[in-house]
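The values are calculated or read from the model by the stated rules, or taken from the named source; none is laboratory data. This is a predicted model, so every value here is computed, not measured. Positions of Cβ are backbone-derived with ideal geometry, glycine not excepted, and every protein chain shown enters the neighbour counts. Only protein heavy atoms, including side chains, enter the accessible area calculation; ligands, DNA and RNA are left aside. Shrake-Rupley method; radii C 1.70, N 1.55, O 1.52, S 1.80 Å.
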Amino acid sequence: MNRNLTGQAGKIVDFFGAILALFALQIIVLGPTLGYGKSLAIFMLLALPLTFFIYAGGKSSFMTKINVVDIILAVFSLVSMGYLVVYSDYILTRVEYVSPLTTADYIMGIIAIIAVLEATRRAIGLPMAIISLLLFAYASFGKFLPPPFGHAGFSLDWIIDTMYLTSRGIFGNPLWVVITLAFPFIFYGVILEQMGVLKSFLDFANRLFGKSPGAPAKTSVVAGTFMGMASGMPMSTTYLIGFPTIPEMIRVGYPPRTAGAIAAVVGTAAQLMPPMLGVAAFIVAQYMGVPYIKVCQYTLLPAVLFYAVFFLTIHFETIRLGIKAVEIPAVSYKQIMLGGFYIFLITMAILLYFLLKFYPVGLAAFYACLAALLLGVLRKNNRLNLKSLYTILAKTGRTSVYIAIACAAAGIITGFLVETGLNLKFANMVIAFGQSNLFLALILSAVAILILSMGMPSIPAYITGIAIFGPALMRLGILPEVAHIFCFYYATLYSITPPVAFASYAGAQIAGEDPMRTGLVAVRLGIMTYIIPFIFAYSPAYLLIPEYWNIYEVIRLIIFVIPGLIIFAAGISGYLIKPLERGVRVLALASGLLLLLPFSVLDYLGFALLLCVLFRQGVLGMIFNRRREVDEVKFPPVKNKS
C-alpha cells in the first residue's frame with residue numbers, strides 16, 4: 001500500500017528519490033563507470049530503503065504510518081547494500097562457489113535477501129514474495145523430491161553466493177534492464193505528466209469523437225493509447241484516463257462496470273501498441289537480442305487487429321445500449337497543439353530517429369527526455385523551472401522504486417529457475433504434452449504465464465515466462481520471435497484478469513463498482529488480447545516477418561481475417577445491425593474464431609457460419625434489396641403500352 005507521503009517525511013523521500021534518478025541518468029549517459037556490480041549495488045542502496053518508507057507494511061494504524069520496523073528494515077538495507085559498495089573490489093576478485101564465504105558475507109547476504117523479499121511483499125504483493133520463498137524452499141529441500149523434480153541439493157552457501165554475491169540473483173539482468181531501459185521511459189512519462197501534456201491527449205481524442213455516439217468511451221481508447229505510450233503502466237494509465245472519462249461514460253448511459261472495464265482494457269492494451277509500447281517491451285528487445293524497433297515491427301499488426309476489434313466492440317455495445325450522441329465541448333486543434341501535444345509529437349519523432357539509427361534504447365529515450373525538458377523551458381504556459389525539474393526527478397525516483405524491487409525479485413526467481421534447472425523441467429513437461437499437439441502446448445504455456453502474471457507485474461512475468469516456456473515452444477517449432485511476443489502478450493494480461501486485476505480494480509474504484517464484476521466485463525471486452533497470440537503463433541506473417549508474407553496471407557487477411565474481426569466484435573457485444581439472439585451470438589463468436597485462427601480448412605466453415613449470421617440478421621436481404629433498387633434506378637422496367 002503506497003503511503004503517498006507528504007510533509008517532512010515526503011520531502012526526505014523526494015530528496016533521495018531525486019538522487020536515485022540522477023544516479024540512474026548518469027549511468028544511461030556515461031555507462032557503468034563504477035563497474036556493473038558496484039553501480040547496481042549503489043542503485044539498490046538508494047532504492048531498497050526508500051521502499052520501506054513509500055510502501056506500508058500492513059493496513060493497521062501502526063503499519064500505515066512510518067514506524068520503528070520501517071526504520072530497522074531501511075537500516076538493514078543500507079548496511080547490506082553498503083557492504084557490497086565498500087567491499088566491491090573483494091567481491092569482484094573472489095571466485096564464485098570456490099572462495100569460502102566469510103561471516104560478514106553470510107550475515108549481509110541473509111539480511112539483503114530478507115529485505116528484498118519484504119520489499120517485494122510491500123511494493124509488488126504477497127504472491128510474488130511467496131513464489132520467491134517457494135523457490136528458496138525448492139533449492140533447499142528439492143533433493144527430497146522424487147524425479148523428475150528432484151535435484152542434488154543446494155546449500156545455504158550456494159544460495160547466498162548466487163543470490164547476493166553474483167549477477168544471477170538480486171543483481172541479475174532484470175535489475176540492469178530497469179536502469180538502462182525502463183528508467184528513461186518512466187522519466188519521460190513523468191515529464192509529460194508534470195507539464196500537463198497528458199491532458200492534450202484527452203483533448204485530441206475529444207476533438208475526434210466529441211459528436212459521435214459513445215464519445216467518452218471512444219475518446220478513452222485514443223487518449224488511453226497515447227497515455228499508455230507515455231506511462232507504460234496499466235494501472236496508472238487506467239487512473240489517468242479513467243478519472244475524466246469514466247464519469248462521462250456513466251453520464252451518457254454506459255453501466256458503471258462497463259465504463260470501468262473499458263478504461264481498464266485501454267490501460268492494459270496501451271502496453272501492446274507501438275511505437276513506445278509499455279516498459280516491458282524494452283526488456284523484450286533486450287532478451288531477444290534485437291533492436292527495439294524490431295519489437296515495434298513484430299507487435300504492430302497484432303496491436304492494430306486488437307484495436308480494430310475493441311473499437312468495433314465498443315461501437316456495437318454503444319448502439320446496443322441505445323446511447324445517443326451527446327456533444328462534448330471540443331478544444332480546437334490549435335489549442336491542443338499549444339497545450340503541449342506538439343511536445344509529444346516532436347519527442348516521439350526524436351525517439352524514433354535515434355532508434356532507427358540503432359542508438360541504445362535508453363540513450364535514445366534520454367535524448368527524447370532532454371528535448372521534452374528543453375521545449376518545456378521554452379514554452380510560455382506551464383514553463384518548466386528548477387522547482388518543477390526537482391519534482392520530476394523526485395517523482396521519477398519514487399516511481400522507479402516499484403519496478404526496481406519487481407526486477408530484483410524477478411532476478412531471484414529466474415536465478416533459482418535457471419540454476420536449479422526447474423525451468424527446463426517445466427519446458428520438458430510442456431514438450432511432452434505438446435509433442436502431438438502444438439495447440440495444447442500453447443494453451444498450457446498461456447495459462448501458466450497468465451497464472452504467473454497474476455502474482456507479478458508484466459516485466460518479471462515475461463522474464464519468468466520466457467525462461468520457463470520459451471525454450472519448450474522453440475523446440476516444438478515455434479520461431480524465437482513468436483515465442484517471445486507470445487510470452488510478452490500473456491504477461492501483460494494480469495491487469496484485467498481476475499482475481500488479480502489491478503487495472504480493473506482502478507476502473508472499478510472510479511466507477512464505484514464491484515472490482516470482480518468489472519474485471520469479468522474487461523475480460524469479455526478485451527478477449528481478443530487472449531486470442532491474438534494464437535493467431536501469430538500459427539501465422540508468423542502477422543508479426544510482419546517479411547519471409548513469411550505471401551499472396552495467400554494477403555488474400556486471407558482481406559477475405560477471412562477482416563470479416564472475422566467484425567463478426568467477432570459483434571459476437572462480443574451481442575449486436576450487429578440489430579440485437580443478436582443467443583444462438584446467433586454463439587454462431588457469430590464461433591465464426592469469428594474460425595476465421596481468425598489460421599487453420600485453412602476451418603476458414604471455410606467460419607465463412608459459412610458468417611453467412612448464416614448475416615442471413616439471420618437480414619444483412620443479405622438488405623444487400624439484395626439495395627442491389628435491386630440500384631438496378632431499377634439504372635434500368636427502369638419497361639411498361640407494357642398495350
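Numerical summary
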| read-out | value |
| --- | --- |
| Computed helical MRE - 222 nm, the chain, DSSP H runs ≥ 4 contributing -39500 (n - 2.57), nearest 500 | -23500 deg cm²/dmol |
| Amide H contacts of residue 575 (H built 1.01 Å from N, under 5 Å, at least 5 apart or other chain) | 580 |
| Proximal charge balance of residue 616 [Cβ under 14 Å; K/R count +1, D/E count -1] | +2 |
| Helix axis angle, 36-54 relative to the chain longest principal axis, alpha carbon, degrees | 80 degrees |
| Of all accessible heavy-atom area on the range 142-275, the percent that carbon and sulfur account for (1.4 Å) | 66 percent |
| Under 5 Å, built H, 5+ apart or other chain: amide partners of residue 254 | none |
| Charge context of residue 340, other residues only, Cβ under 12 angstrom, K/R +1, D/E -1 | +2 |
| Selection from 102, 74, 544, by position along the positive dipole direction of the chain (Cβ) | 544 |
| List 544, 565, ordered by accessible area with a 1.4 Å probe, largest first | 544, 565 |
| Alpha-carbon spread of the chain, three principal axes, descending order, Å | 117, 65, 51 |
| Rg(Cα) / (2.2 N^0.38 Å) computed for the range 449-498, rounded to two decimals | 1.07 |
| Rounded accessible area of residue 292 (nearest 10 Å², 1.4 Å probe) | 10 Å² |
| Rough spin-label spacing in nm, given labels placed 7 Å along Cα→Cβ, for residue 335 and residue 92 | 5.8 nm |
| 0 to 90° range, to nearest 10: angle between helix 342-356 axis and the chain longest Cα axis | 70 degrees |
| Over the range 400-530, relative contact order from alpha-carbon pairs under 8 Å, at least 6 apart, % | 22 percent |
| Solvent-accessible area per residue for the chain (1.4 angstrom probe, square angstrom) | 41 Å² |
| Length-normalised contact order of the chain in % [C-alpha pairs under 8 Å, at least 6 apart] | 17 percent |
| Heavy atoms of residue 607: accessible area, 1.4 Å probe, square angstrom to 10 | 70 Å² |
| Positive-end residue, the chain charge dipole about Cα centroid, Cβ charges, pick of 336, 132, 53 | 336 |
| Accessible-area composition of the range 424-545, carbon plus sulfur, in percent [1.4 Å probe] | 69 percent |
| Spatially proximal lysines relative to residue 218 (Cα-Cα < 22 Å; intrachain offsets below 8 disregarded) | 199, 324, 334, 578 |
| Two-site FRET efficiency, residue 59 against residue 140, from Cβ-Cβ distance with R₀ of 35 Å, rounded to 0.05 | 0.65 |
| Nearest-ten-degree value, helix 292-320 long axis tilted from longest Cα axis of the chain | 50 degrees |
| Heavy-atom accessible area ranking, 1.4 Å probe, most first, across 334, 578 | 334, 578 |
